1. Enter the accessible area of L13 (Å², nearest 10), with the probe set to 1.4 Å and all protein chains included.
2. Would you mind calculating the relative contact order of the chain from Cα pairs under 8 angstrom and at least 6 residues apart, reporting the percent as a whole number?
3. For the chain, what is the calculated [θ] at 222 nm in deg cm²/dmol (nearest 500), taking -39500 (n - 2.57) for each run of four or more DSSP H residues and dividing by its residue count?
4. How high is the relative contact order of region 1-79, in percent, counting Cα pairs under 8 Å that sit 6 or more residues apart?
5. What's the local net charge at S64, with K and R +1, D and E -1, over the other residues with C-beta under 13 Å away?
6. Rounded to the nearest Å, what's the spacing between the alpha carbon centres of region 72-101 and region 109-147? Just the number, please.
7. Roughly what angle does helix 3-19 make with the longest principal axis of the chain, taking Cα atoms, 0 to 90 degrees, to the nearest 10?
8. The list [x] 13.8; [y] 11.7; [z] 17.1 gives values of mean projected area of the Cα convex hull in nm², and only one came from this structure; which label was calculated from it?
Amino acid sequence: MDPSTAYITHYLLRQVATVGTGSHSNDLARWATGNYDLPGGLIQVAGKTGTTNDYKDGWFVGYSADVVTAAWTGFDKPAKMGAGFTGGDISLPTWMKYMSKRYPDPYKATKFPDPPSDVTSIRINQSNGRVVSAGGLMMPMLAGTEPQNEVGAAGQMTVKDLTMEDY
C-alpha cells in the first residue's frame, strides 16, 4: 500500500480511538498503571469498533505503534447479546485489559511515525467540506487533492445538495 494512503487510513482509525466509538481507549495508560491522574491519550492507539446489526457479535481491533490486537465478544452458538451491547462497550474493555499488560510504563510507549512528506493537513468546514482558515477540523490530504473552494466545480456537490436532492 502506498505509505501516504496508509497514513490517511491510520489517521481515520486514530479518530475512532480518540473521539469516536473507541474513545475509551484514551484511558489505556490509566488502566495500565492504575494512576488515574495520567493524561488521556498518553499511549497512542488506533482501531475500529464493530457490532453486527442483530447484536450477536461485538469487536474491537486496535493497535499501537508496535502491537496489533483484536477482541471479539459473542456466543459460540450465535445468539443475541442484547440491544446496546456494542463492540465499543463490551469488546473494547477486554482489548484494553490485554493491552494494559503490554504497557506497564506508558512513558516508554512507542509513538506513531510522522506523516509522509506528501500528506498535508488542512482545516475544513465539516458541514460543506470547504477549506477554512480557523476552526473546522484538521484533515490529512494527499498533496494536490485538497478542496479548492470553487463553487460549482465539476461534479462538486455540497452536503445540502446530497441530503436534499431526491434520488
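1. Around 50 Å² of this residue is reachable by solvent.
2. Values: 284 pairs, mean separation 31.0, N = 167.
Relative contact order for the chain comes out at 19 percent.
3. -7000 deg cm²/dmol
4. Values: 111 pairs, mean separation 16.4, N = 79.
Relative contact order for region 1-79 comes out at 21 percent.
5. +4
6. After rounding, the separation between the Cα centres reads 32 Å.
7. With both axes taken from Cα atoms, the answer is about 60 degrees.
8. Given [x] 13.8; [y] 11.7; [z] 17.1, the calculated one carries the label [x].
The values are calculated or read from the model by the stated rules, or taken from the named source; none is laboratory data. Note that the coordinates shown come from a computational prediction; the quantities given were computed from them, not determined experimentally. Reconstructed Cβ throughout: ideal geometry from the backbone, glycine too, with neighbour counts over all protein chains shown. SASA here: full protein model, heavy atoms, side chains in, ligands and nucleic acids out. Shrake-Rupley method; radii C 1.70, N 1.55, O 1.52, S 1.80 Å.
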